[in-house]
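Structure first, then comments.
The values are calculated or read from the model by the stated rules, or taken from the named source; none is laboratory data. What you see is a predicted model, and the numbers here were worked out from it, not measured in a lab. Cβ coordinates were reconstructed from backbone atoms using ideal geometry, including for glycine residues, and neighbour counts include every protein chain displayed.
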Amino acid sequence: MDTLSPQQRHDCMSNIHSTSTKPEIRLRKELWRKGFRYRKNDKRLPGSPDIVLPKYRTVVFIHGCFWHGHKGCKKYVIPKSNTDFWVKKVERNQERDQEVWRQLEAKGWSVVIVWECELEKKRFEETIDWVEKEIRENGRLHEQRRQERKLQREQRLMERREQRARQEALLSEIRNGEDLHRQTVHK
């Protein structure tokens, strides 16, 4: 049974916000300190990611352990009252998360998920190091793919130029042959 009255529960739940949570702010400040520049909650992208790093083609979601069902975490405990509702709520959140990740990856974005519990003091430095490593690796891969696409475009352009040059040479030969034929006929 719930230890809070319905009004107390309502007040408690209404104070939970979806953007600029303490874990988000903590992570953002540390990324900024390390020189990363980002956008917050970019609505142009599926799921309005918490942190968007365009240079690295990476988005970061900071998930609350309860709201997103962090299995094995002490913060993910299904309430004793209204259990069916909460189980379904968390399942819908997880399904939506996976759909958003698929959409972002289909658009060429790398997705990094950071759990709320990973930003606690005892794990903060380790988590920051991991997130930084992921962002930098994603940026390296993005730049590598960009360079490969640029090289492919340049190769296609060279092939088209060579093809045009061959066509022009062939047309020139045909014209020269026609001129020779005309000169021979008119003599």
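Can you name the residue in the range 15-51 that is more than 22 Å from E137 (Cβ to Cβ) and of a type in the set (G, A, S) and is also modelled with the lowest pLDDT among such residues? Checked the range 15-51; the qualifying residue modelled with the lowest pLDDT is S18. Of all residues in the range 76-89, those that are basic (K, R) and at pLDDT 90 or above total 2.
Given the criteria in contact with a Lys or Arg (Cβ under 9 Å, 6 or more places away or on another chain), exposed (fewer than 12 other Cβ atoms within 10 Å of the Cβ) and closer than 13 Å to V59 by Cα, does G139 qualify? So G139 fails the test.
Could you figure out which of (1) out of contact with any strand residue (DSSP E or B) (no Cβ under 9 Å at 6 or more places or on another chain); (2) surrounded by 15 or more Cβ atoms within 10 Å (Cβ to Cβ); (3) under 21 Å from E143 (Cα atoms) isn't true of V112? All conditions pass for V112, except number (1). The criterion of at least 3 residues that are touching a residue at least 40 places away in the same chain (Cβ under 8 Å) is met, among strands (runs of 3 or more DSSP E) falling completely within the range 49-153, by 58-63, 110-115. Any residue at all in the range 75-89 that is hydrophobic (A, V, I, L, M, F, W, C) and under 18 Å from the mean Cα position of the chain (by Cα)? Scanning the range 75-89 turns up no residue that is hydrophobic (A, V, I, L, M, F, W, C) and under 18 Å from the mean Cα position of the chain (by Cα). Being surrounded by 12 or more Cβ atoms within 10 Å (Cβ to Cβ) and modelled with pLDDT under 95: is that true of V131 here? In short, no.
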